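Chemist: Before we start, here is the structure in question, set down as structure tokens.
The values are calculated or read from the model by the stated rules, or taken from the named source; none is laboratory data. Not measured: the values here are computed from a predicted model. With ideal geometry, Cβ positions are generated from the backbone for all residues, glycine too; neighbour counts draw on all protein chains shown. SASA here: full protein model, heavy atoms, side chains in, ligands and nucleic acids out. Shrake-Rupley method; radii C 1.70, N 1.55, O 1.52, S 1.80 Å.
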Amino acid sequence: MTISTSTPTLLQHMAHWVEQGALRSLDLALTRLIQQQLPDSSDALLLGVALVSERNAHGHVCLDLHSALQQPQLLLSTVKQPDEASSANPARETLVAQLSRLSLSSWVAALSASPAVETCLNGSFAQGNSPLVLAGSPERPLLYLRRYWHYEQQIKSALSQRLATTHVLPEANTHMLLAALFPATSLPTATDWQKVACLLAARSNFAIITGGPGTGKTTTVVKLLALLQGLRVANNERPLHIHLAAPTGKAAARLSESIAGSIERLELPTALEAAIKSTIPKEVTTLHRLLGSLPNTRNFRHHASQPLPTDLVVVDEASMMDVEMMAQLVDALPRHARLILLGDKDQLASVEAGSILGDLCQTADAAHYTPATQAWIQQLSNEALADEFIDPQGSALQQATCMLRHSYRFSAHPGIGALASQINSGKATPKSLQAIFAQHPDSLNSVQLQAATGSYGMQLAPLEKLATEGYQGYLTTLKTLQPTQDNASPEVMQAWALQVFAAHNQFQLLTAMRRGVFGVDNLNLLITQALQRKKLLPDVESRWYAGRPLLITRNDYSLKLMNGDIGICLQWPGKGLRVAFPDGKQGIRWVLPSRLQAVETVFAMTVHKSQGSEFTHTALVLPEYGNPVLSKELIYTGVTRSKEQFTLVYSADHVLQQALQTQVQRASGLVGIAMDS
């Protein structure tokens, strides 16, 4: 098949795609740069360049050529506005016509023939400096921007090296510590998966502990650290130097609070208890802080030439970690250091490219433990594994991965657990969700907004009522307990601020989008105005006012505030407005509003931003029309932010149905590593 050489027509099409919002200006600029450097570039090459860049913007590490040809409807996603009568996507229609001229072999041949692409199929290693790399296999060729290919190679190499290293656990001391850490009690499952997770992670230099909300991931990892440190203390060895980290400041603060309580509740042999507990860290930092982020660069202070001084790093909320951050982390670890990932594999992946935890945990449900692993677990823990979890062909990664399978969080509120489970099954429908809502009216509620009479739009009064009632609690606490100038000591102000934060954590409105009627920007304005009408907020035009909750949207190293940190603007009597931020140590940091540059009001936040947080009552608002960001993972993540109560706000059954049936699938060379390692 002859592949046409590039003509201005294709680039003109791409310019129209940018106008339609289907392609970024950045994607087009990169394609034009390649065409300018290589004027004889084929349309097949330019399509590959534009699409791999476009896919990267949607979280994909690479472009799966086979999938692109088989499912072109998944490419060039545009956001349909509600007043558009047609469901047509002109950009995609043109793309389909372009792709129809290609076969997989001809596309691969055209890419391989270009000096812009280095081909390294079947695992060969790219040595050049071309901007693009064609990797994968002949059956599933993957096109990468070079730096993303390099990130994946770093990760694969680091994991392979660590999985090849296993530790021998002394039987007597392991039995002693496990018996103390896991006293005999009746369990909701035949196997104590927390104990199994501790064993598997203790013998490997890389391990994953995954599980849904309330399955005891934090409890398990604290017991794991106690086991590891206990074995060293019992053998008179130096304790491990351990670091705890999370992708965001909010997740780090939450883990810090959980860790402290879990350490206190540890049951250990009396003779070793004090020594073991003193070696388990309580402070959790963000990954950026751990690696030493250098301002205004993508670089970090710690890397292969200047590694972290650590023996073990635990990363919580690992589902939020993107491929670049994972590569930077493994690059900064000394070769002997262990790495443990902790998180819910079914949550939303990172906003940036990659789905590290999801890719590595694709087979976690079925376990795939070998008979040798089964025998070893039973020998050291007396835990029996069902035959369904045994696979003689299980990979090294599967032997170091454990999924916790029982949620303790929702025992008092089973409706939330049942709803999350139904959504996660991939078989949910609006009708099946309503059945669960009806069964659990104490913890679940749904609000279906109706179209406004006489014009386009939705009746938003029910949403306003939900939000004002939800936020009334913390605003009332703020006003009624406000210290006076006579007693506004730092201690009194801190105690008051902590009470305000505790009340604020009772409710949070989440949304899927940033733009549109049900986007963050519009909802924050709507709720602010509704609270002002109710006299719960001061009616001022200034963006700084007492009671304003705000979200840090960019790392501020001078203030030690990270993207995702939440603060509340409060009135300090005699001093004016100050913004309070929890310091993660049951204290408050106070910052002048004028020093905060990258912030936004956060009466409504995106589901992505809510990851790593928990609220007593969470309300999730879905848009009134379909959107590429809607998926079952997004709804599942929104539901599982709730501790006691969840409300779903939506407009159209077909939009909800579309979201429930859409599963996030990101192209990545790490998919399948569980079987190949």
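Chemist: So, of the residues in the stretch 425-444 that are of a type in the set (A, V, I, L, M, F, W, C) and surrounded by 14 or more Cβ atoms within 10 Å (Cβ to Cβ), which turns out to be nearest to the chain's Cα centre (by Cα)?
Modeler: Here the answer is A428.
Chemist: For W544, all conditions in the list (1) touching a strand residue (DSSP E or B) at 6+ places or on another chain (Cβ under 8 Å); (2) surrounded by fewer than 18 Cβ atoms within 10 Å (Cβ to Cβ); (3) farther than 22 Å from E614 by Cβ; (4) in contact (Cβ under 8 Å) with a residue 60 or more places away in the chain hold save one; what is the number of the exception?
Modeler: For W544, the failing item is (4).
Chemist: Which residue is most open to solvent (accessible area, probe 1.4 Å), if the candidates are limited to the stretch 522-535 and must be in contact (Cβ under 8 Å) with a residue 12 or more places away in the chain and out of contact with any Asp or Glu (no Cβ under 8 Å at 6 or more places or on another chain)?
Modeler: Within the stretch 522-535, the match that is most open to solvent (accessible area, probe 1.4 Å) is K534.
Chemist: Note down all Cβ pairs under 6 Å where the first residue falls in the stretch 386-401 and is without any contact (Cβ under 8 Å) to a residue 40 or more places away in the chain, the second is open to solvent by less than 40 Å² (accessible area, probe 1.4 Å) and among the hydrophobic types (A, V, I, L, M, F, W, C), and they're at least six residues apart or on different chains.
Modeler: F389/A367
Chemist: Sticking with this structure for a sec: Tell me, yes or no, whether the stretch 119-128 has at least one residue that is farther than 30 Å from S381 by Cα, part of a helix (DSSP H, G or I) and not polar (S, T, N, Q).
Modeler: Yes - at least one qualifying residue is present in the stretch 119-128.
Chemist: Report, by residue number, each residue of the stretch 275-323 that is β-branched (V, I, T) and free of Cβ contacts under 8 Å to residues at least 60 places away in the same chain.
Modeler: I276, T279, I280, T285, T297
Chemist: May I pose another question? Which one of S124, S105 is modelled with pLDDT of 90 or more, closer than 30 Å to Q154 by Cα, open to solvent by 30 Å² or more (accessible area, probe 1.4 Å) and of a type in the set (S, T, Y)?
Modeler: On inspection, the qualifying residue turns out to be S105.
One line per residue, one yes/no per condition, for (1) at pLDDT 90 or above; (2) over 20 Å from the mean Cα position of the chain (by Cα); (3) open to solvent by 20 Å² or more (accessible area, probe 1.4 Å); (4) of a type in the set (A, V, I, L, M):
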{"position": "L360", "(1), (2), (3), (4)": "yes, no, no, yes"}
{"position": "A367", "(1), (2), (3), (4)": "yes, yes, no, yes"}
{"position": "S395", "(1), (2), (3), (4)": "yes, yes, no, no"}
{"position": "Y408", "(1), (2), (3), (4)": "no, yes, yes, no"}
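Chemist: Taking the stretch 341-365 as the region of interest, how many residues are farther than 20 Å from A246 by Cβ and in contact with a strand residue (DSSP E or B) (Cβ under 9 Å, 6 or more places away or on another chain)?
Modeler: 3
Chemist: Moving to a separate point now. Given the conditions (1) under 24 Å from L419 (Cβ atoms); (2) at pLDDT 90 or above, report the number of the one that Q658 does not fulfil.
Modeler: (2)
Chemist: Let me ask something else about it. Restricting attention to the stretch 467-476, report how many residues are open to solvent by less than 30 Å² (accessible area, probe 1.4 Å) and either polar (S, T, N, Q) or farther than 13 Å from G547 by Cβ (or both).
Modeler: Matching residues across the stretch 467-476 total 3.
Chemist: Of all residues in the stretch 608-626, which are at pLDDT 90 or above and either of a type in the set (A, V, I, L, M) or in contact with a helix residue (DSSP H, G or I) (Cβ under 7 Å, 6 or more places away or on another chain) (or both)?
Modeler: Residues satisfying the conditions are H617, T618, A619, L620, V621, L622.
Chemist: Quick check on my filter: what residues within the stretch 513-567 are touching a Pro at 6+ places or on another chain (Cβ under 7 Å), part of a loop (DSSP other than H, G, I, E, B) and closer than 26 Å to S631 by Cα?
Modeler: G516, F518
Chemist: I've got another one for you. Could you grab me the full set of residues in the stretch 383-439 that are farther than 24 Å from L342 by Cα, outside any helix (DSSP H, G or I) and in contact with a Leu (Cβ under 8 Å, 6 or more places away or on another chain)?
Modeler: Residues satisfying the conditions are A428, T429.
Chemist: What pairs come up if the first residue lies in the stretch 476-487 and is under 25 Å from N505 (Cβ atoms), the second is aliphatic (A, V, I, L, M) and in a helix (DSSP H, G or I), and their beta carbons are under 7 Å apart, counting only those six or more places apart or on different chains?
Modeler: Listed pairs, sorted by first residue: T477/V500; T477/A503; L478/V500; P483/V492; P483/M493.
Chemist: Report every pair of residues separated by at least 6 positions or lying on different chains whose Cβ atoms are under 8 Å apart, first residue within the stretch 635-647 and in a helix (DSSP H, G or I), second small (G, A, S).
Modeler: Pairs found: I635/A659; Y636/A420; T637/S610; G638/S610; V639/A420.
Chemist: Moving on. For the stretch 129-179, which positions are of a type outside the set (A, V, I, L, M, F, W, C), in a helix (DSSP H, G or I) and open to solvent by 30 Å² or more (accessible area, probe 1.4 Å)?
Modeler: Answer for the stretch 129-179, where residues must be of a type outside the set (A, V, I, L, M, F, W, C), in a helix (DSSP H, G or I) and open to solvent by 30 Å² or more (accessible area, probe 1.4 Å): R146, R147, H150, Q153, Q154, K156, S157, S160, Q161, E171, N173, H175.
Chemist: Taking the condition of being in contact with a Gly (Cβ under 9 Å, 6 or more places away or on another chain), closer than 21 Å to R533 by Cα and open to solvent by 80 Å² or more (accessible area, probe 1.4 Å), how many residues in the stretch 477-509 meet it?
Modeler: 1
Chemist: Within the stretch 219-328, considering only strands (runs of 3 or more DSSP E) that don't extend past its boundaries, which have at least 2 residues that are modelled with pLDDT of 90 or more, open to solvent by less than 20 Å² (accessible area, probe 1.4 Å) and closer than 27 Å to L670 by Cβ?
Modeler: Passing ranges, in order: 242-246, 312-315.
Chemist: Continuing with this model, one more query. How many of the residues in the stretch 579-618 are in a loop (DSSP other than H, G, I, E, B) and not polar (S, T, N, Q)?
Modeler: Selection size over the stretch 579-618: 11.
Chemist: Are there any pairs, at least 6 apart or on different chains, whose C-beta atoms fall under 6 Å, with the first in the stretch 432-447 and within 18 Å of R641 (Cα to Cα) and the second in a loop (DSSP other than H, G, I, E, B) and open to solvent by 70 Å² or more (accessible area, probe 1.4 Å), and if so, which?
Modeler: Filtered contacts from the stretch 432-447: no entries.
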